[in-house]
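The values are calculated or read from the model by the stated rules, or taken from the named source; none is laboratory data. Treat the numbers as computed from the prediction; the structure is a model and nothing was measured. Cβ: placed from backbone, ideal geometry, glycine included. Neighbour counts: every protein chain shown.
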Amino acid sequence: MKHFGHRSFSLSLQKPAQDGTCPGGIRSADQMSIQSVYFSSQLKILRKFRFRRAKLIALSALFLLGLFAQHNVRSSNVGRHRRLSGRHPDQFVAFQWQRIFPGFYIYSVRYAAKENNTAELHAVAIGNALDELFWRNTSCACVYQEDQEPGPRRSLRVAGKLERLPESHRFEGRIWTAARLTCPFPEDAQTSFNFVSLQCRFERLLGYFLSGSVTLPCPQVPRRPPAQLTFAHCGSPIHTRFDRPALIVEYVEYYRLMGVTRFYEYAVDVSNRTRAVFDYYVGKGIMDVTDWALPEPTRKGIHYFGQLAALYDCLLKSSLTHDYTVYSDLDEQFVTAQSPAVFSSIVDNGRVDCSYVRSALVYPKARMTDRFTDRGQPIPRTASKSDFNASPMMIRKLSRLQFLLLLPTLGLVMIVQQSHRSIAPFLVDVHVSQSAETHVNPLRSSIAEPNTRLDRPVTVVTAYYNIPAKRSNITYERWMRIFLPKIPCHLYIYTESQYESYFLSLRKDHLDRTKIVIKPFTALKMYQKMDLWIEQKKMDHERLHTPELYVLWNEKLSFLAETIKDNTFDSDYFLWTDIGSFRDPRRAAALTTYPDTEITRRTLGSNKVFFLQMYDFTAEEKELNPVNGLPKHDFRYDVRLGGAVLGGHRNAVLHYQQIYHEIMDKMINAGRFVGKDQNIMSSVAILHPELVRLVPRAPYLNGGLDWFYSLYYFSRKGP
């Protein structure tokens, strides 16, 4: 996550702001030691879901290889200077979204202490991301009351400040964005009032206004944290019938070993098996699960199920009870070259305010890939217990190399200290990048780019719109029934709202790998040039083509770019794939691994965009026109490249998109036909060969259609 609170976070270690406004977490329970009790509790969960004992042994070995068997945390002075009295310690109100007026919603109000020992009330909100007038002309106040209903009893009114949280996704056409309302929280309000009324008024034009209020319990004032350093963990909203209970167990037990004593989860939609794991940890008193039900109008127009609003609420909640808050996804691990690599050592026992880490460590592929991943692949039956035992000699050897074995799921992890720490902030160097550079030389040759994450899937992007086309809707439906249910790729589908339930039914077995983006055809970027496409139709010798087809063909790169910015599946590579590409049900079984990450990385690196080359370019076709700088040859009547599959590394795709539109504009000015994307792609390939990777078509699967050889090319072959 790149932005939070008042500050912009970079993806490398940084010194926090001098005013101490580093956002983050707070106080908690007993210090952690690595003991077998956690493995026994994990074993109960794993037995419940009938996972193999070998996998438990593998997980245990991983923990023992990565961490020392004991770690004593020195006491610190964290929180000793806070003037905090407690009325309702460790008791949280069950909030729900409430509407103040149309377009503005409030979820929770919580206590927030500042560096100068003053306090504020922070309310988590959602507002209209596109209406700048709303953010300029809305004024709010907090009215502290003795009773929930307003009346003659004493009250205190203070002015509030409404502001958007710095969520860059609002510039991607998102209708809704996370926000916060802050008000001073005077000391007498903390002790004399039981409720707070949040009142807002939106002054529109011509004297028209909207106003409303919600009344919530006054937030609790936290107790003084203990001297011992404690950590909480906040996760992003869990959604789409999430059904990986083993991953939940692995994630919780790993972070408990790292020093986390409380987990705050926001559940949008999880399976019964996942809910059972949540209930187990809630019963143990180490997890708090919030049913994250966004208000109905905002559910499809906000980034990632209101992720920033959830994380901000979690920050405020965890700040009542813990010294630090850790942010990461379920499949991300925090590993450094330090020993022991637990959170208390990372933050130097409380002397570091904020730590931001981004890195990518490789792992011994031959030994780790099959046995230490949880990507839905079973542990091989041939694995024996001896394969997973970590001998003392192995542990000593790894310590000398300062290299930790880890799951291939390392991503961004942020440890943030609560803003009201009185200790002056300074930077800690955890040497993560040095670890990756120094100790993995034998594997370095297999890495194309230092920021490429080899464990991440390739995201496939497609779209369906009911427009006049060369094929009938019945034909497309037959092809979609091959592609969508049978190919378990990580998939974005752009379509209109009336088709959402249909695509969900086709992808019912792969919902955790599917994101449907509702986007009306009239909202597409290329639709705004409909006058151009109507004129282009007059130049097209193929009578079955329509202006609507030109819109979709030339929108492919925009679909890819939008997906890259959203990146729900945390991918490095993105491939556009026509929704009608899988046409033969008999051959679909051989293409279920499409697209394979390793094949994609090896083919494209980080600076090439893939195209299937149907026919070679001739020397004459490569000659350039000295007047307009375009190829002399007009490819209106000649096909050289296939457009059913295209894409590459996110950086390459975004760069190619820019060049594509520049060449398109030149071709329009030169009076050339640009309705068919293949014509522009051929010109770009001649003018910028350094941007493209052209793969010649070849026979495959005993007569597979050569136009779709790309599907076979990016699939794993053999057993």
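Out of everything in segment 314-332 that is touching a helix residue (DSSP H, G or I) at 6+ places or on another chain (Cβ under 7 Å) and closer than 20 Å to residue 515 by Cβ, what residue ends up being modelled with the highest pLDDT?
Going through the qualifying residues, I end up with 330.
Which condition from (1) out of contact with any Phe, Trp or Tyr (no Cβ under 7 Å at 6 or more places or on another chain); (2) among the aliphatic types (A, V, I, L, M); (3) at pLDDT below 95 is the one that residue 561 breaks?
All conditions are met except number (3).
Taking segment 492-550, which residues are hydroxyl-bearing (Ser, Thr, Tyr) and without any contact (Cβ under 8 Å) to a residue 40 or more places away in the chain?
Residues satisfying the conditions are 495, 497, 499, 501, 502, 505, 522, 527.
How do the helices (runs of 4 or more DSSP H) wholly within segment 518-635 filter down when requiring 3 or more residues that are more than 30 Å from residue 238 (Cα to Cα) and in contact with a helix residue (DSSP H, G or I) (Cβ under 7 Å, 6 or more places away or on another chain): which remain?
It comes to 530-537, 547-566.
Output the number of residues of segment 696-719 satisfying the condition of being surrounded by 19 or more Cβ atoms within 10 Å (Cβ to Cβ), assigned to a loop (DSSP other than H, G, I, E, B) and under 33 Å from the mean Cα position of the chain (by Cα).
Looking only at that region, the number is 1.
Is segment 672-690 home to any residue that is farther than 25 Å from residue 549 by Cβ, assigned by TED's automatic domain parsing to the domain that holds residue 550 and without any contact (Cβ under 8 Å) to a residue 24 or more places away in the chain?
yes
Tally time: how many residues in segment 265-289 are within 27 Å of residue 353 (Cβ to Cβ) and not aromatic (Phe, Trp, Tyr)?
4
Among 693, 672, which is the only one that is crowded, with 16+ Cβ neighbours inside 10 Å and part of a loop (DSSP other than H, G, I, E, B)?
Result: 672 is the single residue among 693, 672 that is crowded, with 16+ Cβ neighbours inside 10 Å and part of a loop (DSSP other than H, G, I, E, B).
Which pairs turn up if I take residues in segment 295-315 that are surrounded by fewer than 24 Cβ atoms within 10 Å (Cβ to Cβ) and look for partners that are assigned to a helix (DSSP H, G or I) with beta carbon separation below 6 Å, at least 6 apart in sequence or on another chain?
303/169
Could you run through segment 157-176 and say how many residues are surrounded by fewer than 15 Cβ atoms within 10 Å (Cβ to Cβ) and modelled with pLDDT of 90 or more?
So the answer is 4.
Among the numbered criteria (1) hydrophobic (A, V, I, L, M, F, W, C); (2) in contact with a Gly (Cβ under 7 Å, 6 or more places away or on another chain); (3) at pLDDT 95 or above, which single criterion is violated by residue 707?
Failing condition for residue 707: (3).
Do we find a residue being among the aromatic types (Phe, Trp, Tyr), assigned by TED's automatic domain parsing to the domain that holds residue 581 and out of contact with any Gly (no Cβ under 9 Å at 6 or more places or on another chain) anywhere in segment 524-538?
yes
Looking at segment 261-276, which of the residues that are among the hydroxyl-bearing types (Ser, Thr, Tyr) and over 22 Å from residue 315 (Cβ atoms) is surrounded by the fewest Cβ atoms within 10 Å (Cβ to Cβ)?
Per the stated criteria, the residue is 271.
Could you list, in sequence order, the residues of segment 341-359 that are modelled with pLDDT under 65 and surrounded by fewer than 19 Cβ atoms within 10 Å (Cβ to Cβ)?
358, the sole residue that qualifies.
If I go through segment 614-637 residue by residue, how many of them are among the polar types (S, T, N, Q) and surrounded by 18 or more Cβ atoms within 10 Å (Cβ to Cβ)?
0
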